[in-house]
Amino acid sequence: MRTCAAGPVSSARLRDGYPRRVLKLVVLISGTGSNLRALLEASEDAEFPARVVAIGADRDCEGLALGEEFGIPAFTVPFTAYDSRDEWGDALIEQVRAWGADLVILSGLMRLVPPAVVDAFSPDLINTHPAYLPEFPGAHGVRDALAAGATETGASLIVVDNSVDGGPIIAQERVPILPGDTESTLHDRIKPVERRLLIQAVIDIANSHLDLKELAAS
Ligand code: GRF
C-alpha cells in the first residue's frame with residue numbers, strides 16, 4: 001500500500017503517484033437503462049475512474065431494477081406527481097444534489113429538464129442521443145431518421161443546455177441505416193455506439209482530458 005497526501009491509497013487508484021479522481025455519477029433514466037447498465041458494468045473495473053452513486057427516474061421503469069442488481073441506491077421523482085415541469089425540476093435538483101454528483105448523465109431520460117436543472121448542473125450535465133445531432137433532435141430521433149429515408153444516422157453525446165438536444169457536442173459517431181431496418185433494429189445498432197462514446201467521455205472527464213466547462217464556453 002503506497003501513501004500520499006490523501007493518506008493510504010490502493011495502488012489501483014494511484015496514477016503517477018497521485019490518487020486519480022473518481023467521478024461520482026448520478027444517472028437519470030426513463031426506460032430499460034441499457035446505457036446505464038454499461039456504466040455500472042464499467043464501474044466494476046477498479047481502474048474505471050467513476051462510480052454510479054445513484055440512479056434516478058421520472059417514472060417507474062425497468063431500469064430502476066439495476067439499482068437492486070448492482071446495489072446502487074435508486075430514486076424516483078415522478079413527473080406526474082407535480083403540478084408543473086418547474087416543480088418537478090426543483091424536486092429533481094434536490095434529489096440529485098443529495099448525492100453530491102460530479103457529473104449528471106441523462107441516459108434515456110425522456111423528459112426535457114427545466115432551466116433550473118440546467119442552471120444547477122450544466123455543463124456537468126450530459127445527454128446521450130440516438131442520432132447524429134443536429135440531425136433528428138427530440139424524443140423520436142431514431143424514428144425520424146427512418147422516416148426521412150436517411151441512409152445513415154448516428155449517436156451523439158452532448159452537454160445539456162436549454163435547447164432541445166442543441167447543446168455542445170462532446171462526441172458523436174455515424175451509424176448506418178440498413179435496408180429493412182425497423183426503429184428497434186436501428187436503435188439496437190445505435191445504443192452500443194452511445195455506450196462506447198459515454199464510457200470514453202467519462203474516462204476523459206475523470207482524467208482531465210476533456211473539460212466540459214471549456215467545451216461549453218467554446
Ligand atoms: C437511448 O438511445 C438514449 O439515447 C435515448 O433513449 C434510449 C434509452 O435507452 N434518449 P435505454 O433506456 O438506455 O436502453
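Here, each number is a calculation from the coordinates, and none is a lab measurement. Remember, predicted model here, so these are calculated numbers, not experimental data. In this analysis, Cβ positions are derived from the backbone assuming ideal geometry, glycine residues included, and neighbour counts consider all displayed protein chains.
For the chain, complete DSSP H runs whose alpha carbons reach 15 Å or more along their own long axis and whose mean Kyte-Doolittle score is -1.0 or higher are 85-98, 183-206.
Largest first and in whole Å, give the semi-axes of the chain's equivalent ellipsoid, each being the square root of 5 times a Cα gyration tensor eigenvalue. Calculated on Cα positions only, the semi-axes equal 29, 21, 17 Å.
Of all DSSP beta bridges confined to the chain, the antiparallel ones make up roughly 50%. Considering the dipole of the range 140-218 built from charges on the beta carbon (Lys and Arg +1, Asp and Glu -1) around the Cα centre, which of 151, 186, 209 is farthest to its positive end? Working it through, the farthest residue towards the positive pole turns out to be 186.
Short-range pairs are left out: with C-alpha atoms under 8 Å and at least six residues apart, the relative contact order of the chain is 18 percent.
Restricting the calculation to Cα atoms, every distinct pair contributes to the Kirkwood radius of the range 126-203, found to be 12.3 Å.
Figure legend: label point modelled 7 angstrom from the Cα of residue 152 along Cα→Cβ; residues of the range 162-185 with amide N under 18 Å from it are 171-181. Each residue, residue 215 and residue 81, gets one label point 7 Å from its Cα in the Cβ direction; the gap between the two is 3.2 nm. Taking amide H as placed 1.01 Å from N in the peptide plane, the amide H of residue 56 sits under 5 Å from that of 27, 28, 29, 75, each at least 5 places away or on another chain. Only Lys, Arg, Asp and Glu carry charge here, each on its Cβ (+1 for the first two, -1 for the last two); on that basis the chain has a dipole of about 680 debye about its Cα centre. If R0 is taken as 25 Å, the Cβ-Cβ distance between residue 32 and residue 143 corresponds to a FRET efficiency of 0.90. The GluC sites (Glu not before Pro) of the range 21-67 that meet both conditions, a loop assignment by DSSP and at most 15 other Cβ atoms within 10 Å of the site Cβ, are 44, 47.
With no solvent and one equal point scatterer per Cα, compute the Debye intensity ratio I(q)/I(0) for the range 54-117 at 0.29 Å⁻¹ and report its log10, rounded to two decimals. At q = 0.29 Å⁻¹ the computed log10 ratios are -1.49.
At an R0 of 25 angstrom, the distance between the Cβ atoms of residue 162 and residue 41 translates into a FRET efficiency of 0.20.
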